[in-house]
Every structure is written in structure tokens, then in C-alpha cells.
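Notes for the one structure printed next.
The values are calculated or read from the model by the stated rules, or taken from the named source; none is laboratory data. Note that this is a predicted model, so its numbers are computed, not measured. As a convention, Cβ positions derive from the backbone with ideal geometry for all residues, glycine included, and neighbour counts pool all protein chains shown. Ligands, DNA and RNA are stripped out before the accessible areas are found, and what is left, the full protein with its side chains, is counted by its heavy atoms. Shrake-Rupley method; radii C 1.70, N 1.55, O 1.52, S 1.80 Å.
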Amino acid sequence: QVQLVESGGGLVQPGGSLRLSCAASGSIYSFKDMGWYRQAPGKQRELVAAIAIGGRTNYPDSVKGRFTISRDNAKNTLYLQMNSLKLEDTALYYCYVNLGLDSYWGQGTQVTVSS
């Protein structure tokens, strides 16, 4: 069983930065891919960053150049560095890990970008 716990969300002004963390308990060394989704009120959940087992990363155009996903194997933690935040980045951010046969999700951490 894998549990994911996100942290690092909060209120930030436009142009600011936040770093989200996703701490995993349980074995995720055989992951296929892991990453971050977000969901804003009234909108569908969308992928914002993913990293595959080989290290390849994937970002949508809306965050490319501003968000960076990384992983600390020793700490079993996934990160999302978010820079140059915009009002439209406001959402609940979830991390996930895909182990192939199973996928696991965290409970989410709120990011609010407001002046």
C-alpha cells in the first residue's frame, strides 16, 4: 500500500513561487510514472507535470518554462517547483504515482494565486 501526502501549498501573489512536496510511504521504486495534476473549481483535472521512470518529463504548454518536477529518491519525495505563478494557476494540486497495476493519489494541497 502506498500513501501520498502533499504539502507546500498556500497563498501567493502573482509572479511568486511555491514548491510543492509529495512524500510517499511504501515502495514506489517500480513506478512507471509519477507527477502532479490540478483541478480548479468548475474545471476538469489537468496534468501539470509528470516524470517517467527513465527521467523524461512532460509539461503542458500552460506551465512549461515555469514549473519543474523533480524527485528525491533518498527521501521518497516528489517536488513541483512553481515559478512566475499566475492567477489561473489557482487550483487544488494532487500528486500521483502510477505503479502499473495500481495508481495512488494524495489528498491535494491548495494553491491560491491572488493579489
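One-quarter of the Cα convex hull surface for the range 59-108, in nm²?
Numbers: hull surface 17.8 nm².
Seen from a random direction, the Cα hull of the range 59-108 projects 4.5 nm² on average.
When the Kirkwood radius is taken over all Cα pairs of the range 19-90, what Stokes-Einstein diffusion coefficient follows at 10 °C and 1.306 mPa s, in µm²/s? Walk me through the numbers on the way to the answer.
Working: Rh = 13.0 Å.
This corresponds to a translational diffusion coefficient of 122 µm²/s.
Mind telling me which of Asn73, Asn83, Asn58 comes out most flexible in a GNM of the chain, alpha-carbon contacts under 10 Å?
In the Gaussian network model the winner is Asn73.
As an exercise, identify the chymotrypsin sites (Phe, Trp or Tyr not before Pro) in the range 1-99 lying in DSSP coil whose Cβ has no more than 16 other Cβ atoms within 10 Å.
On the way: sites: Tyr29, Phe31, Trp36, Tyr37, Phe67, Tyr79, Tyr93, Tyr94, Tyr96; in loops: Tyr29, Phe31.
Here the chymotrypsin sites (Phe, Trp or Tyr not before Pro) that fit, given the DSSP loop and packing criteria, are Tyr29.
Run the numbers on the chain and let me know its relative contact order in percent, using alpha-carbon pairs under 8 Å that are six or more apart.
Details: 282 pairs, mean separation 42.8, N = 115.
Once divided by the residue count of the chain, the mean separation gives 37 percent.
Could you work out what % of the accessible surface of the range 28-115 is carbon and sulfur, using a 1.4 angstrom probe and leaving DNA, RNA and ligands out of the count? Could the numbers behind the result be given before it?
Numbers: 2230 of 4760 Å².
So the carbon and sulfur contribution to the accessible surface is 47 percent.
Net charge within 9 Å of Ala23 by Cβ-Cβ distance, Lys/Arg positive one each and Asp/Glu negative one each, not counting Ala23 itself?
0
Build a GNM of the chain with springs between Cα atoms under 10 Å: which of Gly55, Gly42, Gly15 gets the top mean-square fluctuation?
Comparing Gly55, Gly42, Gly15 in a Gaussian network model of the chain, the most mobile one is Gly42.
Could you point to the residue in Asn73, Leu47, Thr112 farthest towards the positive end of the range 46-115's charge dipole, with +1 and -1 charges on the Cβ of Lys/Arg and Asp/Glu respectively?
Checking the options against the dipole of the range 46-115, the answer is Asn73.
Using a 1.4 Å probe, what is the accessible area per residue for the chain, in Å²?
Details: 6250 Å² over 115 residues.
Using a 1.4 Å probe on heavy atoms only, each residue of the chain averages 54 Å².
Which residue fluctuates the most in the chain, going by a Gaussian network model with Cα springs under 10 Å, if the choices are Leu78, Leu20, Leu47?
Leu47
Give me the net charge for the shell around Tyr79: Cβ to Cβ below 11 angstrom, other residues only, Lys and Arg +1, Asp and Glu -1. Kindly include the intermediate steps, with their values, before the conclusion.
Details: positive: Arg19, Arg71, Lys75; negative: Glu6, Asp72.
Around Tyr79, the charge tally is +1.
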